[in-house]
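Asks: Before anything else, here's the structure in question.
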Amino acid sequence: MNRLLWLIIPSVLLAKEATVEQLFSVQTVKVMKTENAKQTSNYGYVKEDESRVYIIAPRFGGYVLKLHTDKTYAKVKKGDPLITVYSPEVFKAKEEYLNAYRYTRQRPNKGMLESSRLKLSLLGISDSEIEAVITSGTATESTTIYAPEDGFIFKKNIEKGAAFNAKMPLFRLVNLDEVWIDTKIYEEQTEDLKKVEKFEIGFKGIEKKYESTVSFLHPMLEPKDATFTLRISLKNDGRLFPGMYATVQSVSQTQEGLILPRTAVIRKNGRYYVFLTGDFKGEHEPRQIEVKVLDAETYRVTKGLNEGDEVVNNALFMMDSDAQINSLY
């Protein structure tokens, strides 16, 4: 029986006290007590871990002799040569160190030798290259700069033959062994973070579900959409890259409580209602309740119902029409 047909029935026949009579078969469901872990879905993006970003900026000026890594996004290993350069400043420091070594062999002067070696170290010259000055007995003109860590060259700001100044960023290297997932959450979700046991993270095209427990909530609300940024640290198996879209499922601690399927609950004017089965067949009483979202399909009932109460689980839009006609709520 549709709503139009209800509207033509004389109102005197519809008048009832606190119940709605249904003339069609309805499905019901009982309020159950169970243990569940609350799950909430949010969305985010992969970002590089800022603590794993390395800027290769020499402490001296010079000229490029050879680019060992000449492509952006090239993958390198820790200790791989990135660039070989000629620096008049470094070359001069090497000669001073070699001369100090030769001099102190004849007239021991530990302070002089250590001072000249320290100058090379402060310029960022590797220990192996400093030792080579002594073992070879030659101050080589070239100096090689090596990768400080495994990673990808996200930026390359130099070309072969080019000159560069001290402190100029030549490369930006990013290690992706761990990445960040930045996801937006609403204000009302922040309190639930205290109960989250783990995060399950999925990506398009990857069947594997990643897990993490480490998170950091940015202490600033974004006024445009009233959200906070939640940052999750995630170990990378080599398949995750900045910019990838992520689905973040937060799984809270298991709690005991009363549950109902979402199909059994109506939301009206910011309030939640169910239709409680009455004492007589075909009678259903609208009852205001309080709930919290457990997951996409389930509500946790916090007030208004008891375990074992029976409520309607289908055709709620029809009952809602009847109840409004009778001003039951």
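Asks: 5 Å is the cut-off here: which amide hydrogens, built 1.01 Å from N in the peptide plane, fall below it relative to residue 149, excluding neighbours closer than 5 in sequence?
Replies: It is 79, by chain and number.
Asks: Between residue 159 and residue 263, what is the FRET efficiency for a Förster distance of 56 Å, r being their Cβ-Cβ separation, to the nearest 0.05? Mind showing how you got there, number by number?
Replies: Values: r = 64 Å, r/R0 = 1.15.
For R0 = 56 Å, the calculated efficiency reads 0.30.
Asks: Long-range amide H contacts for residue 278: which residues qualify at under 5 Å (H placed 1.01 Å from N, peptide plane, sequence gap of 5 or more or a different chain)?
Replies: Counting only residues 5 or more places away or on other chains, the set is 283, 284, 285.
Asks: Report, in debye and to the nearest 20, how large the dipole of the chain comes out about its Cα centre when Lys and Arg carry +1 and Asp and Glu carry -1 on their Cβ.
Replies: Magnitude of the dipole: close to 1560 debye.
Asks: Related question: Which cross-chain or sequence-distant (5 or more) residues have an amide H under 5 Å from the amide H of residue 244, H modelled 1.01 Å from N in plane?
Replies: So residue 244 has HN proximity to 46.
Asks: How do 53-63, 182-192 rank on mean C-beta neighbours within 10 Å, highest first?
Replies: Numbers: 53-63: 16.8, 182-192: 14.4.
Put in order of decreasing packing, that is 53-63, 182-192.
Asks: Peptides 144-155, 259-270: what's the order by average Cβ count within 10 Å, highest mean first?
Replies: Averaged packing, sorted descending, gives the order 144-155, 259-270.
Asks: Continuing with the same structure: If you plug each phi of region 287-298 into the Karplus form 6.51 cos²θ - 1.76 cosθ + 1.60 with θ = phi - 60°, what whole-Hz ³J(HN,Hα) values come out, in order, with x for Gly and Pro?
Replies: 10, 6, 9, 10, 9, 10, 6, 8, 7, 5, 10, 9
Asks: Hey, can you find the accessible area per residue of the chain for me, probe 1.4 Å, expressed in square angstrom? Please report the intermediate quantities before stating the final value.
Replies: Details: 19500 Å² over 329 residues.
Per residue, the chain has 59 Å² of solvent-accessible surface.
Asks: Given (i) 20.2; (ii) 26.4; (iii) 21.5, which label gives Kirkwood radius over Cα pairs in Å as computed from the coordinates?
Replies: (ii)
Asks: With all protein chains present, how much of the accessible area of region 207-282 (probe radius 1.4 Å) comes from carbon and sulfur, to the nearest whole percent? Don't skip to the end; give the middle numbers.
Replies: On the way: 2470 of 4750 Å².
After summing per-atom areas, the C and S share lands at 52 percent.
Asks: Using packing as a proxy for protection, rank 218-229, 68-79 so that the peptide with the highest average count of other Cβ atoms within 10 Å comes first.
Replies: On the way: 218-229: 11.2, 68-79: 13.6.
Most protected by this proxy first, the peptides run 68-79, 218-229.
Asks: Can I ask one more? Using the Cα centre as the reference, give the magnitude of the dipole from point charges on the C-beta atoms of region 91-139 (Lys, Arg: +1; Asp, Glu: -1; all else neutral), rounded to the nearest 20 debye.
Replies: On the way: 8 positive and 6 negative charges, 53 e Å.
Using only the charged Cβ atoms, the result is roughly 260 debye.
Asks: Identify, among 116, 90, 106, the residue whose Cα sits farthest towards the positive end of the charge dipole of region 81-121, taking +1 on the Cβ of Lys and Arg and -1 on the Cβ of Asp and Glu, with the dipole about the Cα centre.
Replies: Result: 106.
Asks: Residue by residue through region 68-73, which ³J(HN,Hα) values in whole Hz follow from phi under the Karplus form 6.51 cos²θ - 1.76 cosθ + 1.60 (θ = phi - 60°), with glycine and proline marked x?
Replies: 6, 10, 10, 10, 5, 6
Asks: Next question. Taking the Cβ of residue 228 as the center, what net charge do the other residues with Cβ under 9 Å away carry, scoring Lys and Arg +1 and Asp and Glu -1? Display every interim value, and only then the final one.
Replies: Numbers: positive: 184; negative: 187, 222.
Within the 9 Å Cβ shell, the charges total -1.
Asks: About its Cα centre, what dipole magnitude does region 135-227 give when the only charges are +1 on Lys and Arg Cβ and -1 on Asp and Glu Cβ, stated in debye to the nearest 20? Walk me through the numbers before you get to the answer.
Replies: Values: 13 positive and 17 negative charges, 95 e Å.
With Lys and Arg at +1 and Asp and Glu at -1, about 460 debye.
Asks: Lys and Arg at +1, Asp and Glu at -1: add these up for the other residues within a Cβ distance under 12 Å of residue 279 and post the number.
Replies: Working: positive: 281; negative: 283, 285, 310.
Summing Lys and Arg as +1 and Asp and Glu as -1 gives -2.
Asks: Can you work out the Karplus-derived ³J(HN,Hα) for every residue in region 52-66? Use 6.51 cos²θ - 1.76 cosθ + 1.60 with θ = phi - 60°, whole Hz, and x for glycine or proline.
Replies: With coefficients 6.51, -1.76 and 1.60, one gets 10, 9, 10, 9, 8, 10, x, 8, 9, x, x, 9, 7, 9, 8 Hz.
Asks: OK, next. Run the simple label-point estimate for residue 209 and residue 132 please: 7 Å along Cα→C-beta, distance reported in nm.
Replies: Output for this residue pair reads 5.2 nm.
Asks: Now, a different point. I want to make sure I understand the PRE zone here: with the label point 7 angstrom from the Cα of residue 166 toward its beta carbon, which residues in region 101-128 have backbone N atoms less than 18 Å away?
Replies: 115-126
Asks: Before rounding to the nearest 500, sum -39500 (n - 2.57) across all DSSP H runs of length at least 4 in the chain and divide by the residue total; then give [θ] at 222 nm in deg cm²/dmol.
Replies: Working: 6 runs with 61 residues, N = 329.
When only DSSP H runs of four or more count, the value is -5500 deg cm²/dmol.
The values are calculated or read from the model by the stated rules, or taken from the named source; none is laboratory data. These numbers come from a predicted model, not from an experiment. Every residue, glycine among them, receives a Cβ derived from its backbone with ideal geometry; neighbour counts consider all protein chains shown. We work out accessible area using only protein heavy atoms, side chains counted, and drop any ligands, DNA or RNA first. Shrake-Rupley method; radii C 1.70, N 1.55, O 1.52, S 1.80 Å.
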